[in-house]
Structures are given as structure tokens and as C-alpha cells.
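Reviewing the structure listed below.
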Amino acid sequence: MKVMWLLAVVVAAPLAGCGGTADDDNDLQVLNVNSRYTVESVHVMGLHRLKISDPLRSELDQVIGSKYDDSVLKKLADRIRKELRASDVKINAVRGSEPDHLIVNFQVNAHEQRFDLNMAKFLYDSKQGWTGDGSATTHIQGNAFTFGLLSDGDSLIERFAGVRVKFERKNLGTDRLQLRFEFDSFHEQWNQATLNAAQPSEIYRTRQVFTPEATVVIAQPLELSFGVSFARFRPTAAAAKTESANAVVSTLRYHRRWGSEQELTGAYSIRSATSVLESDPAYTRQFVEARYRFRHVHNSVEIGFLAGRLNGHAPLFERFVLGDSARLRGWNKFDLDPLGGSRVVHGSIDYRYRFLQAFYDTGAVWDRAQDREQKQSVGVGFKKEPFQLAVAFPIRAGHADPVFYAGMNF
């Protein structure tokens, strides 16, 4: 019997130190315990006036109501770190207000990274083709310098391709005052339907825009931007001179969030071009939009509205467009109005359950009141931030002519 006890001690002794350190045991025990809990809410902390993109916020909200998963939360922490250009993001879990629930806090170190890349939009539209918008930004002592390349056939009546250069200072003596300078240089391509409907003098082949702008934070959910937009465009006619569309621009924005479930954003913008600024066309463009989001566990509902009015004779890049990847999805903008409109109104409802999406759009774009015709469309898709795949159908008599969308951040 003594021999058996001696053999047991000899065999067990080398294994006594193979179970890992005490810290490893504690970490494993915490993970095992936390995995039994449900995530009650998610918060990002550590930066004043913290702003997170909607796609990232949506991913954070998706873990609410699910079991605590350390690997998923670490991936989200890495995404937060990259988007906010932070040096480190730590995950802290504390007891929730209900039994067996945890509140997850992402603690952000405010030190920013020097360089980052961003793909604002990468989209394929079965009617309009490809759209891409990417940029690189470097940060030096609170200043941000951005250089971007884009080819956009989605957001305006024409396809414009070229470069975008921006300088931003987000703290000008106080974090309530920001300054931005942007310069754009584009080459234009036109759909044949637009060329057939427009006057030759309305078609331009190049466009450059320089916009100095300041932003003042009036209150925490409310901010005002104001500046001047200096635009120059060269008509395609050989004898035509370069024209200018110089305008005073101002935008009032509102952004309010109630916990992780509700969010409201809104904006009113006005752009006025006059001869005082040596602008060739004189016009006033007003635009208002609002969007409300409600999320609960894996369900989300998003309601959007916009309206615009354009007075005077404005260049085509100022006219309103429906029938793209975000507004009146499923319709072809050149079928609605190949020149765009001076009046627009649009509403939409989007519903998501996990990665499945369904939406309904209605809207109209017109010049004369008697020409206004309300259109509608429906669609379904798959959306997992930042990627989206969708098919939309215009509601009209006759044959169905769907439009397919695929890409990121649209």
C-alpha cells in the first residue's frame, strides 16, 4: 500500500504545475461565469462627444439580448479602436439591473492613431453600375488631412468621378467649434436620357468645388454648420465660358439617442447663390430630412422622411433625385425624371430581424404641380454590417422590373 501511495505522488507531482497560472484560472473562471449571462445593454465610454458610425452602432446593438460571448466582444472592441483611432479599447462587464444580466462597457483610450483608411461606399446597382468612394486620412496634432478617390453614379443625375481633399480641425480652441476646408474636382459622364432632355448649355464636363465651413455645437444634440461653396463648371459647348455657382450654405443638425434602443436624427439645410458672390445662376435650395430608429433585441424599425424645394435656375448637380440606392429604391432615376426635379418628397420604412431586411418606399420628384406623381416600391434583402444585398421592385401596372443592389455602406 505504501508503494502505491508513493507511485501516485511521483506521477501527480509533475502535473501539479500544468494547470496554468492563477491569473489564467481566474480569467477562465470569469469567462465561464459570464457566458451564462445575457447582455442587457452596451455602452462606449471614455471620449467626450463620442460619435460612432451607424453600421458600428448597429453591430453593437445586435449583441443586446444575446449571451455574453468574449470572442464577439473582442472583435467589436477592435472595430471601435480602428474607427475611433484609439490606442486601446478595454471591455468591462458589470452586473445589470435584472438577474442574470450584464452591462457591457467599452472603455476607450482617447489617444488617436495617425492613419486610417475608409471605404464610405462600394455599391453595385443593376441599373446604374458601380459606385465607389474611398479615402485615406492622416492625423497630426489634432488636424485631419483626407485624400479620397471616387466614382459616383448613384447620388446625382450624372456620374461624377475625381478626387476629394479635406482638412478638418475638430477643436478650434474649444470642442464646440470645428473648422473644415474641402476641395473637389470631378469629371462628369451623362446618361443618354439626360442628354436628350437637357439644353446643350446645361451639360458640363468638369466641376470643381471649394467649401470652407465652420461648425458650432449649440447644445449637445444640436449643431450648426455655415460656410460658402465656390463651384466652377465648364459646359461641353466649345465656345461656352466657365460658369460659377457660388452660394452661402448652412445646415442645422439634430442627433439624439435614448439608450441603445431609440435614435432620432434630423437636418435642415439651405444653399443660396446670388450675384453678391459673383454667381452666374441665382437660386435657393432648401432641404429637410429626418430619421427615427427603434431597436429591440434582434428587431429594428427605421422610418425616414425628406423634402426639398429649389427656386431659381440652378445647375443640374443641385437638382433633386429619386430612384437610387437609398431613395425610392427599385425605380430608375432616369425613368422618373432624367433632369432631376426642383421639388421632392420621400418617405421610407425599413424593418430588420437579425440579418433579414424588408423595406417600403414612396416619393415623388417634379417641377410643376400638375406633373407630380407619387411612386412606390418594396424590397427585401440581407444586411450584415457593413455588407448589404437587396432586391427592390417598383410598384406599377404591367411587368415587374426589379433592381439589385450589392455592396457596403449604402
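Okay, here's what the table says:
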| quantity | calculated |
| --- | --- |
| Test: residue in region 186-196 that is of a type in the set (Gly, Ala, Ser), assigned to a loop (DSSP other than H, G, I, E, B), open to solvent by less than 50 Å² (accessible area, probe 1.4 Å) and within 20 Å of Gly129 (Cβ to Cβ) | no |
| Scope region 395-410; condition surrounded by fewer than 18 Cβ atoms within 10 Å (Cβ to Cβ), in a strand (DSSP E or B) and more than 19 Å from the chain's Cα centre (by Cα); matching residues | Phe404 |
| Boolean, Arg85 is within 20 Å of the chain's Cα centre (by Cα), within 11 Å of Phe106 (Cβ to Cβ) and either open to solvent by 60 Å² or more (accessible area, probe 1.4 Å) or at pLDDT below 80 (or both) | no |
| Residue that is farthest from the chain's Cα centre (by Cα) [pool: residues in region 365-389 that are of a type in the set (S, T, N, Q) and under 28 Å from Gly341 (Cα atoms)] | Gln370 |
| Among residues of region 273-287, those that are among the hydroxyl-bearing types (Ser, Thr, Tyr) and not in a strand (DSSP E or B), counted | 3 |
| Asp154 being within 30 Å of Phe334 (Cβ to Cβ) and crowded, with 18+ Cβ neighbours inside 10 Å | yes |
| Selected residue (only one of Val216, Val248 is among the β-branched types (Val, Ile, Thr) and surrounded by 15 or more Cβ atoms within 10 Å (Cβ to Cβ)) | Val248 |
| Residue that is modelled with the lowest pLDDT [pool: residues in region 49-65 that are among the charged types (D, E, K, R) and part of a loop (DSSP other than H, G, I, E, B)] | Arg49 |
| Every residue from region 325-345 that is of a type outside the set (Gly, Ala, Ser) and open to solvent by less than 10 Å² (accessible area, probe 1.4 Å) | Leu328, Lys333, Val344 |
| Any hit, region 385-394, residues being among the polar types (S, T, N, Q), out of contact with any Pro (no Cβ under 8 Å at 6 or more places or on another chain), at pLDDT 90 or above and buried (at least 16 other Cβ atoms within 10 Å of the Cβ) | yes |
| Among the candidates Ala282, Ala267, Ala307, residue that is surrounded by fewer than 18 Cβ atoms within 10 Å (Cβ to Cβ) and under 30 Å from Ser41 (Cβ atoms) | Ala267 |
| Qualifying position, being of a type in the set (A, V, I, L, M) and not in a strand (DSSP E or B), among Ala326, Ala290 | Ala326 |
| Criterion violated by Arg352 - all others in (1) assigned to a strand (DSSP E or B); (2) over 24 Å from Asp61 (Cβ atoms); (3) open to solvent by less than 70 Å² (accessible area, probe 1.4 Å) satisfied | (2) |
| Residues located in region 30-48, provided they are at pLDDT below 85 and among the β-branched types (Val, Ile, Thr) | Val30, Val33 |
| Tabulated pairs, region 394-410, first under 20 Å from Glu59 (Cβ atoms), second open to solvent by 60 Å² or more (accessible area, probe 1.4 Å) and part of a strand (DSSP E or B), C-beta under 6 angstrom, 6+ apart or interchain | Ala406/Tyr124; Ala406/Leu389; Gly407/Phe122; Gly407/Tyr124; Met408/Phe122; Met408/Phe387 |
| Members of region 89-118 found to be assigned to a loop (DSSP other than H, G, I, E, B) and either open to solvent by 60 Å² or more (accessible area, probe 1.4 Å) or of a type in the set (Lys, Arg) (or both), listed by number | Ser97, Glu98, Pro99, Asp100, Asn109, Ala110, His111, Arg114 |
| Considering residues of region 157-182 that are outside any strand (DSSP E or B) and open to solvent by 40 Å² or more (accessible area, probe 1.4 Å) only, the residue modelled with the lowest pLDDT | Asp175 |
| Any pair with Cβ under 6 angstrom, 6 or more apart, that starts in region 264-275 at a residue that is closer than 12 Å to Tyr254 by Cα and ends at one that is of a type in the set (D, E, K, R) and open to solvent by 60 Å² or more (accessible area, probe 1.4 Å) | Leu264/Arg256; Thr265/Arg291; Ala267/Arg253; Ala267/Glu289 |
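Yes/no per residue for (1) assigned to a strand (DSSP E or B); (2) in contact with a helix residue (DSSP H, G or I) (Cβ under 7 Å, 6 or more places away or on another chain); (3) among the β-branched types (Val, Ile, Thr); (4) under 20 Å from Val163 (Cα atoms):
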| site | (1), (2), (3), (4) |
| --- | --- |
| Asp184 | yes, no, no, yes |
| Ser201 | no, no, no, no |
| Phe210 | yes, no, no, yes |
| Glu213 | yes, no, no, yes |
| Val217 | yes, no, yes, no |
| Ser225 | yes, no, no, no |
| Ala231 | yes, no, no, yes |
| Thr251 | yes, no, yes, no |
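The values are calculated or read from the model by the stated rules, or taken from the named source; none is laboratory data. Here the structure is a predicted model, which means the values were calculated and not measured. Positions of Cβ are backbone-derived with ideal geometry, glycine not excepted, and every protein chain shown enters the neighbour counts. All accessible areas refer to the heavy atoms of the entire protein, side chains included, with ligands and DNA or RNA removed. Shrake-Rupley method; radii C 1.70, N 1.55, O 1.52, S 1.80 Å.
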